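Just below is one structure, and these are the notes that go with it.
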Amino acid sequence: MRRKDREITHIHTILDLVSECKVCRLAMTDGGVPYIVPLNYGYEYADGALTFYFHSAREGRKLEILKRNPTVCLELDGRGELVEDANPCAYGYTFASLIGTGNVEFIEDTEEKIYALNRIMKHQAGIEAPFTASMADAVCLYKMTTSDFTCKIRAK
């Protein structure tokens, strides 16, 4: 990271950001061409690694790309606010962001699918839900675990 003065390494501060954000961007490569999608997510942190859980329809371009090349980059950001100044060259923007890399793994086990759906619901809505096996099997669930992530903040 070039701006070490903006790097955040305290895990509680990082997890606060992950908790605040509701959408991340998942970048992948489709035959050498970048492709990025915004996704809602659920997450957990254990043993120095963040695991992000996602769900989607059971078919589509994103899934075809991920099956061919599961290597991804994830980005999330928040806390944005315009910083004004009398000098237009001194304008800026506050932010906090996280970038991580890893591989997507498709979840096939029904119990793990229900677990993933509940991580998503817990993060997005603050609840756990009584998902059934048929509900879990009706969607595609996948996860990305990364210990290769950085967090950066620019405050006022």
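Data for the structure
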quantity: Whichever lysines have a C-alpha closer than 26 Å to that of residue 113, once near sequence neighbours (fewer than 8 apart) are set aside; calculated: 22, 62, 67, 122, 143
quantity: Taking the C-alpha atoms of segment 36-119, convex hull volume expressed per residue in Å³; calculated: 145 Å³
quantity: Gain in span if fully extended, residue 15 to residue 89, counting 0.36 nm per residue against the direct Cα distance; calculated: 23.4 nm
quantity: Percent RCO, i.e. relative contact order, over segment 1-143, from Cα pairs under 8 Å lying at least 6 residues apart; calculated: 26 percent
quantity: Low-density loop cleavage sites - chymotrypsin sites (Phe, Trp or Tyr not before Pro) in segment 89-133, where at most 13 other Cβ are within 10 Å (DSSP); calculated: 91
quantity: Sites residue 56 and residue 82 - FRET efficiency at Förster radius 22 Å, r taken between beta-carbons, to 0.05; calculated: 0.10
quantity: Approximate spin-label separation residue 134-residue 49, in nm, with each point projected 7 Å along Cα-to-Cβ; calculated: 3.5 nm
quantity: Carbon and sulfur %, accessible surface of the chain computed with the full protein complex present, 1.4 Å; calculated: 52 percent
quantity: Ellipticity estimate at 222 nm from DSSP helix runs (n ≥ 4, -39,500 (n - 2.57)) divided over the chain, nearest 500; calculated: -7500 deg cm²/dmol
quantity: Å² per residue, accessible surface of the chain at 1.4 Å; calculated: 56 Å²
quantity: Heavy-atom accessible area order for 112, 59, largest first, 1.4 Å probe; calculated: 59, 112
quantity: Tilt relative to the chain, helix 110-125 - C-alpha long axis, 0 to 90 degrees, to 10; calculated: 30 degrees
quantity: Given charges at Cβ of Lys, Arg, Asp, Glu: the chain dipole, positive-most of 51, 124, 24; calculated: 24
quantity: Cα pair count fraction exceeding 24 Å, expressed as % - the chain; calculated: 39 percent
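The values are calculated or read from the model by the stated rules, or taken from the named source; none is laboratory data. Here the structure is a predicted model, which is why all the values come from computation and not from measurement. Heads up, the Cβs are rebuilt from the backbone with ideal geometry, glycines too, and the neighbour counts pull from every protein chain shown. The area values use the complete protein model at the heavy-atom level, side chains included, leaving out ligands, DNA and RNA. Shrake-Rupley method; radii C 1.70, N 1.55, O 1.52, S 1.80 Å.
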